[in-house]
Amino acid sequence: MTRKLLRPIISVIIPMYNSEKTLPRLIRSIYRQRNLKSVEVIFVDDGSADNSVTVVKKLCTEKTDWRILSQENSKQAAARNNGLRHCKGMYVLFIDSDDEIPDGTFEAYIELIEHSRPDLIYGSWIKDYPKGERIIESPVALKQISTPSIINTFLTRNNESDVQLGNKCFSKELIIKNDLYFSNGNFFEDSLFTFRFLISVDPNRITSIDKPTYIIHKTNGSTTRAFHPEIQFYADSYICKVKKELNLKSLYSGPVFDNFKNRVYLRVAHHNIQFNHSWTTRWQREYNRKYFSYDGMLKYLPKNYIVALVILTLFPSLYRMLYIKKLGNL
């Protein structure tokens, strides 16, 4: 039996699928936290075929309120939605089973919640690479002071720590109020959920923690280590959903949206370059002509994206070689 809370301050939702090797690291990082009495931890088993459930039962104790939800394999978005339906906390953290959280994260979140009850709290995050390199990255879009500037920066100049979930603590009340949920398969789901949250939140109710609140291990990602032809469908779906939301909020800007599409389609191109062994220079040139727009690029995109698009357009073979070499160095 685990100790049940009347109303946890934070619910931690952890989808897991065949995660027996990485779960011990994550669970240890949770049990190093303070304020565990104010936290519930929900593991959502997405039809694992290994010993993930056994590992959780072995390592989790009555020191905190924890439980396991089980479902047939339906992917991460469905697992997170399942966790949202069952969690009781005032705030929600979404943590992947192959990552971890730095010491003091729960304590920092709860201190801010008790002080000012913001709708969104975020910190920087640590990117941990296989060869030992660690990079601390801080959001840029979330630091903006108005909804238009937050959204425009999020769409065109974001970095990973802006769009991903792990370094953020979300108000469940705002999630429920705006009927937010996860969709779009296993591609762009974090970006879409975060976008929908940001377009609904008062910027004055966003606050930050001056420290990393998440450690992402870049060796993760069963959904990103092989070729998935459906990524093009999900990219188009993501773009359509964002456009609909922008129009509903009267925040649509043609040049901003075009360069947002450039970023999404560049990700699709990278996926093909890395994993699609049939991807040829001719296909890349056709893709460039069909999907990329160069109007407003200098104004709205970061320099690294401008350079990437120019080289990819003019010298696709060279770009492929440089991109593969970059991946090998990480």
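The values are calculated or read from the model by the stated rules, or taken from the named source; none is laboratory data. Remember, predicted model here, so these are calculated numbers, not experimental data. Neighbour counts are summed over all protein chains in view; Cβ atoms, including those assigned to glycine, are modelled from backbone coordinates with ideal geometry. Heavy atoms of the whole protein, side chains included, go into the accessibility calculation; ligands, DNA and RNA do not. Shrake-Rupley method; radii C 1.70, N 1.55, O 1.52, S 1.80 Å.
Of the listed peptides 244-250, 120-126, what is their order by residue-averaged count of other C-beta atoms within 10 Å, with the highest listed first?
120-126, 244-250
With angles folded into 0 to 90 degrees, how steeply does helix 231-248 sit against the dominant principal axis of the chain? Use alpha carbons for both and round to 10.
Around 80 degrees separate the two axes.
Take peptides 199-210, 20-31, 277-288 and line them up by average Cβ neighbours within 10 Å, highest first, as a rough protection proxy.
20-31, 199-210, 277-288
Take every DSSP beta bridge with both residues inside the chain and express the antiparallel ones as a percent of the total, to the nearest 5.
30
Any idea of the accessible area per residue across segment 252-317, 1.4 Å probe, to the nearest Å²?
Heavy-atom SASA per residue in segment 252-317 reads 52 Å².
Enter the Cα centre distance for the pair segment 182-221 and segment 122-173, rounded to the nearest angstrom.
With segment 182-221 and segment 122-173 each reduced to a Cα centre, they are spaced 7 Å.
Using +1 at the C-beta of Lys and Arg and -1 at the C-beta of Asp and Glu, which of P24, L309, F154 has the Cα lying farthest in the positive direction of the dipole of the chain?
Of the listed residues, the answer is L309.
Solvent-accessible area per residue for segment 107-147 at a 1.4 Å probe radius, Å²?
52
Quick check: at a probe of 1.4 Å, how many percent of the accessible area of segment 121-208 sits on carbon and sulfur atoms?
46
Calculate how steeply helix 189-198 sits against the longest principal axis of the alpha-carbon atoms of the chain, using the helix alpha-carbon long axis, and give the answer as 0 to 90 degrees to the nearest 10.
80
Going by alpha carbons, how many degrees (0 to 90, nearest 10) lie between the helix axis of 105-116 and the longest principal axis of the chain?
Taking the Cα atoms of the chain, the angle to 105-116 is about 80 degrees.
Report the Cα centroid-to-centroid distance between segment 296-313 and segment 34-110 in angstrom, as an integer.
About 39 Å separates the Cα centre of segment 296-313 from the one of segment 34-110.
Leaving out ligands, DNA and RNA, what percent of the accessible area of segment 1-108 is carbon and sulfur, probe 1.4 Å?
About 50 percent, which is the carbon plus sulfur part of the accessible surface.
Calculated from the structure, Cα Rg over 2.2 N^0.38 Å equals which of (1) 1.54; (2) 1.01; (3) 0.96?
Recomputing Cα Rg over 2.2 N^0.38 Å here gives the entry labelled (2).
Counting only heavy atoms of the protein chains, get the accessible area per residue of segment 14-59 (1.4 Å probe) and round it to a whole Å² value.
Averaged over the residues of segment 14-59, the accessible area is 45 Å².
Tally Lys and Arg at +1 and Asp and Glu at -1 over the other residues with C-beta under 14 Å from the C-beta of K241: what net charge comes out?
Its environment carries a net charge of 0.
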